[in-house]
Amino acid sequence: MRLDVPPPGTASGADRSLGRVAGALEWLAGAQGAWPPHVPHAPRRLVVDASIEGDLAEGTARGDALVDGGCDLLVAGADLDAVPGLVVLAALLDLEPVQAVGTATGPGWAAQVTGVRDGLRAARVQLGDPVALLTGLGSAPLAVLTGALAQAAVRRTPVLLDGSAVTAAAAVLADRLAPGAARWFLAGQVPPSPAARKGLAAIGLTGLLDLSLSLPLGADLAADLLTSAVSLVDPGTHDVGSQDPGS
C-alpha cells in the first residue's frame, strides 16, 4: 500500500472552553473541509470479532465498500481477544509482555502475558515489514481492521476508534502502511490497556473520553458526543443525536 495520505484540512473556530471537544470538532471539520462541521450523514460501524475471515486485502476492500456506500464517519473497533493486538504493540514499541498487558492482575492475565511472550518471538523478526508482521501473526480480524482503517484514510474518511488493544494496533499498522493515516483517526476513549495507550500516543492520538472504562466502548460514546457537540458550533443543526451509526 505505502501511500502517503493527505492530511485533513485545517479548521478552527471552536470555543476553547469546550476542552477536548473543541479539538474533536475541529478534527471533524477538517475532515469535512468546512467550518463549522455538520452532523455526519452516513456514519457506519465496523467492529471485527473472532468470526471475521480475510486478510489485509479484504480489509482494504471493506474500506472501499464503506466509502463507496456513502460512509462519512467510520466508527471502528474490535470485540475479540486482545493478544494479537498486544503482540503487535509490544513488538513495535519494544515493550516487555508485562508492560504491554499491565500489572493489574485479573482473570486471564497470566494467559495474556504468556500469549504476548510467545507471539513476540516471531513478531520481532518482522518489525520492518508491517505486511509480513500481519501475515506471520495470523490474525484475520486484525488484518481486516488494519486494511479498512488504512483505506478509509486513503479515501479521506474520518475514523473514530474504540479503546481495544487490537484497534490501537490496527491504527498503528495502518499509519505505517499508509503514512499520514493517523491524522484521519480520532481516539474515542483512553484505552484500558497500557500498550494501547502507548500505541495511540506513538501516532499522536489522545483519547477523547477518559471514563476509566474497562471495556472499549468509547467509540460509540464519542460518536454520540461529537454528533451532539456539533450543535454548539452550528446552532442551525436539527435533530442532533438522531443519527444511527448503522452496522
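Every read-out reported here was derived from the displayed coordinates using simple, explicitly stated rules and does not represent laboratory data. Only a predicted model underlies this, so the values are computations on that prediction, with no experimental measurement involved. Note: ideal-geometry Cβ built from the backbone for every residue, glycine included; neighbour counts use all protein chains shown.
Considering all alpha-carbon pairs of the range 43-220, what whole percent are spaced by more than 20 angstrom? Intermediate values should be presented prior to the final figure.
Working: 7106 of 15753 pairs.
Value for the range 43-220: 45 percent of Cα pairs lie more than 20 Å apart.
Please give the net charge around A61, taking every other residue with its beta carbon less than 14 angstrom from that of A61, where Lys and Arg add +1 and Asp and Glu add -1. Before the final figure, lay out each step's value.
On the way: positive: R62, R155; negative: E53, D55, E58, D64, D68.
Cβ neighbours under 14 Å give a net charge of -3.
Note the full-extension length gain between S212 and A104 as 0.36 nm times their separation in residues minus their Cα-Cα distance, in nm to one decimal.
Computed gain between S212 and A104 is 37.5 nm.
Got a sec? Charge dipole of the chain, +1 on Cβ for Lys and Arg, -1 for Asp and Glu; which of H38, V87, V190 is way out at the positive end?
Checked the options; the winner is V87.
In µm²/s, what is D for the range 14-138 at 4 °C and 1.567 mPa s, where D = kT/(6 pi eta Rh) by Stokes-Einstein and Rh is the Kirkwood radius from Cα pairs?
On the way: Rh = 17.5 Å.
Answer from the Stokes-Einstein relation: 74 µm²/s.
Can you give the FRET efficiency to the nearest 0.05 for S17 and A201, using r as the Cβ-Cβ distance and R₀ = 22 Å? Display every interim value, and only then the final one.
Numbers: r = 25 Å, r/R0 = 1.15.
Efficiency for this residue pair is about 0.30.
Residue by residue through the range 37-48, what is 3J(HN,Hα) from phi via Karplus (6.51 cos²θ - 1.76 cosθ + 1.60, θ = phi - 60°)? Round to whole Hz and write x for glycine and proline.
Values per residue, Gly and Pro as x: x, 10, 4, x, 7, 9, x, 9, 9, 9, 10, 8 Hz.
Could you give me the ³J(HN,Hα) list for the range 142-156, computed from phi with Karplus coefficients 6.51, -1.76, 1.60 and θ = phi - 60°, whole Hz, x at Gly and Pro?
Karplus values, whole Hz, x for Gly and Pro: 5, 5, 5, 5, 4, x, 5, 5, 4, 6, 4, 5, 4, 8, 6.
For the range 13-72, which GluC sites (Glu not before Pro) are both in a DSSP coil and crowded by at most 12 other Cβ atoms within 10 Å?
Values: sites: E26, E53, E58; in loops: E53.
Sparse-neighbourhood loop GluC sites (Glu not before Pro): E53.
Can you figure out the FRET efficiency of D94 with A122, using R₀ = 25 Å and their beta-carbon distance, to the nearest 0.05? Display every interim value, and only then the final one.
Details: r = 16 Å, r/R0 = 0.63.
About 0.95, to the nearest 0.05.
Placing +1 on the Cβ of each Lys and Arg and -1 on the Cβ of each Asp and Glu in the chain, which of L217, V5, V233 has its Cα farthest towards the positive end of the resulting dipole?
V5
Determine ³J(HN,Hα), in whole Hz, for all residues of the range 121-132 in sequence, where each value follows from phi through the Karplus function 6.51 cos²θ - 1.76 cosθ + 1.60 and θ = phi - 60°; x replaces Gly and Pro.
Values per residue, Gly and Pro as x: 4, 7, 5, 5, 6, 10, 4, x, 9, x, 5, 5 Hz.
How high is the relative contact order of the chain, in percent, counting Cα pairs under 8 Å that sit 6 or more residues apart?
Details: 523 pairs, mean separation 65.1, N = 247.
Result for the chain is 26 percent.
Could you give the C-alpha radius of gyration of the range 112-176 expressed as a fraction of 2.2 N^0.38 Å, taking N as the number of residues it contains?
On the way: Rg = 12.4 Å, N = 65, 2.2 N^0.38 = 10.7 Å.
Ratio of Cα Rg to 2.2 N^0.38 Å: 1.15.
What's the local net charge at A229, with K and R +1, D and E -1, over the other residues with C-beta under 12 Å away? Let's see the in-between values first.
Working: positive: R20; negative: D15, E26, D224, D234.
Taking every other residue near A229 into account, the sum is -3.
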